[in-house]
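Structure record follows, encoded as structure tokens.
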Amino acid sequence: MKNILILPGDGIGPEIMAEAVKVLNVANDKFDLGVELSHDDLGGAAYDRYGVPLADETLERARVADAILLGAVGGPKWDTIDPALRPERGLLKIRSQLGLFGNLRPALLYPQLAAASTLKPEVVSGLDILIVRELTGGIYFGQPRERKVLDNGERMAYDTLPYSESEVRRIAKVAFDMAMVRNKKLCSVDKANVLASSQLWREVVEEVARDYPEVELSHMYVDNAAMQLVRAPKQFDVIVTDNMFGDILSDQASMLTGSIGMLPSASLDAGNKGMYEPCHGSAPDIAGQGVANPLATILSVSMMLRYSFNEVAAADAIEQAVSLVLDQGLRTGDIMAEGCQKVGTVQ
Ligand code: ATP
Ligand code: MG
């Protein structure tokens, strides 16, 4: 039995999750996956129900589940509550409590959507990049962090960007393993010319590389990587980088593929337990209208079947189904093009 915890979240989360669960149920029947689903709340929905964005009982359910499928969290409704109880805190907490340090964010351009990319077709056609982002360390979690008022009355604030050798080693291994099953090419992105944490990052990545002699490793400073991603993105295959740089570069990469509504992600622990979610947020501006693109969440189901359960045939079938729907010219608003038919989740 595969126990999957469904956390629809807020905004468009419940709508896109309903579509993804339909696909998961069909795959379950067709491929005899033995999937069992349970449901709970995270983020604003959890705050409304439990008074906290991640309840202890939800965290416990997540711990015992084999995999977690998440919609998206947050929205203006919770903008004015205690910052410590904001929906996003629930997301950060579940990631760190479950040790989901390995964030995989593929940026793949479906040929049917080439016209939706922000770049020229010849620059992006065939684009297939995987960004491996460290998710539980670095500046988003580093202590100390503080805001204070100096003796002269001026306000100041600082954050801390810590990385230990073992944190870098384990994410580097995930990235090299991914490079091995793809095109044996890895680019590590850092800011080693300025940051001590990046100097350690580069050193440890070099050490891990000795165990992967077949992988061609390169290093790039993050500012250059940001530029290269829009200049010539196809030079990359697998990119590995820290939490903050990965956050920024993967949002940037998403626009190369047409719409953030197409991009799935996986967050993995040291075993093969994972949490799967679309890269986009809860899109409050379009929530409840039945116009959200559910494909990022459906593709997250495919990643779940592939990475947590090794159900390769079912994962491939879902990806092919997505491609088929695009071939048929069916489009949500975010990827709409001339000659296509507009669809939504509420007909
Ligand atoms: P977060 O902070 O949670 O990442 P965000 O502020 O970055 O959220 P998103 O919620 O990702 O923003 O939305 C950014 C824009 O993309 C919005 O205009 C939203 O409507 C659109 N968008 C996001 N997801 C989808 C989707 N699945 N289908 C269609 N449009 C989407
Ligand atoms: Mg965002």
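Taken together, the values in this text are just the output of simple stated rules run on the coordinates, not laboratory data. Everything numeric here is computed off the predicted structure, so don't read it as measured data. A quick note on method: Cβ atoms are made from the backbone with ideal geometry, for glycine too, and the neighbour counts reach across all protein chains shown.
To keep it simple, each residue is scored yes or no on (1) among the aromatic types (Phe, Trp, Tyr); (2) within 19 Å of Leu299 (Cα to Cα); (3) outside any helix (DSSP H, G or I); (4) within 16 Å of ligand 2 (Cβ to nearest atom).
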site: Leu217; (1), (2), (3), (4): no, no, yes, no
site: Asn224; (1), (2), (3), (4): no, no, no, no
site: Met227; (1), (2), (3), (4): no, no, no, no
site: Lys234; (1), (2), (3), (4): no, no, no, no
site: Ser254; (1), (2), (3), (4): no, yes, no, yes
site: Ala266; (1), (2), (3), (4): no, yes, yes, no
site: Asn272; (1), (2), (3), (4): no, yes, yes, no
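State whether the residues of the range 77-90 include one that is in contact (Cβ under 8 Å) with a residue 12 or more places away in the chain, in contact with a Ser or Thr (Cβ under 6 Å, 6 or more places away or on another chain) and buried (at least 20 other Cβ atoms within 10 Å of the Cβ). So that I can check it myself, show each step before the final result.
Taking the range 77-90 as the starting set, the residues that turn out to be in contact (Cβ under 8 Å) with a residue 12 or more places away in the chain are 77-78, 81, 85-90.
Still in the list and also in contact with a Ser or Thr (Cβ under 6 Å, 6 or more places away or on another chain): none.
No, the range 77-90 has no match at all.
Got a number for residues in the range 1-20 being under 16 Å from the mean Cα position of the chain (by Cα), away from ligand 1 (no atom under 12 Å from the Cβ) and under 19 Å from Ile286 (Cα atoms)?
Selection size over the range 1-20: 1.
Report yes if Ala292 is among the small types (Gly, Ala, Ser), within 11 Å of ligand 1 (Cβ to nearest atom), in a helix (DSSP H, G or I) and in contact (Cβ under 8 Å) with a residue 40 or more places away in the chain, otherwise no.
Working: among the small types (Gly, Ala, Ser): yes; within 11 Å of ligand 1 (Cβ to nearest atom): yes; in a helix (DSSP H, G or I): no; in contact (Cβ under 8 Å) with a residue 40 or more places away in the chain: yes.
No.
Tally the residues that are surrounded by fewer than 18 Cβ atoms within 10 Å (Cβ to Cβ) and in contact (Cβ under 8 Å) with a residue 12 or more places away in the chain, restricting the search to the range 203-230. So that I can check it myself, show each step before the final result.
So in the range 203-230, the residues surrounded by fewer than 18 Cβ atoms within 10 Å (Cβ to Cβ) come out as 203, 206-207, 209-211, 213-214, 216, 218-219, 221, 223-224, 226-228, 230.
If we keep only those that are in contact (Cβ under 8 Å) with a residue 12 or more places away in the chain too, we end up with 207, 209, 211, 214, 216, 218-219, 221, 223, 226, 230.
Qualifying residue count for the region: 11.
Scan the range 254-289 residue by residue and report those that are within 14 Å of ligand 1 (Cβ to nearest atom), under 30 Å from Leu195 (Cα atoms) and over 12 Å from the mean Cα position of the chain (by Cα).
Met255
Looking at Val240, Val322, which is the one that is more than 16 Å from ligand 2 (Cβ to nearest atom) and in a helix (DSSP H, G or I)? Walk me through how you get there before you give the answer.
Values: Val240 fails: in a helix (DSSP H, G or I).
After ruling out the rest, the residue left standing is Val322.
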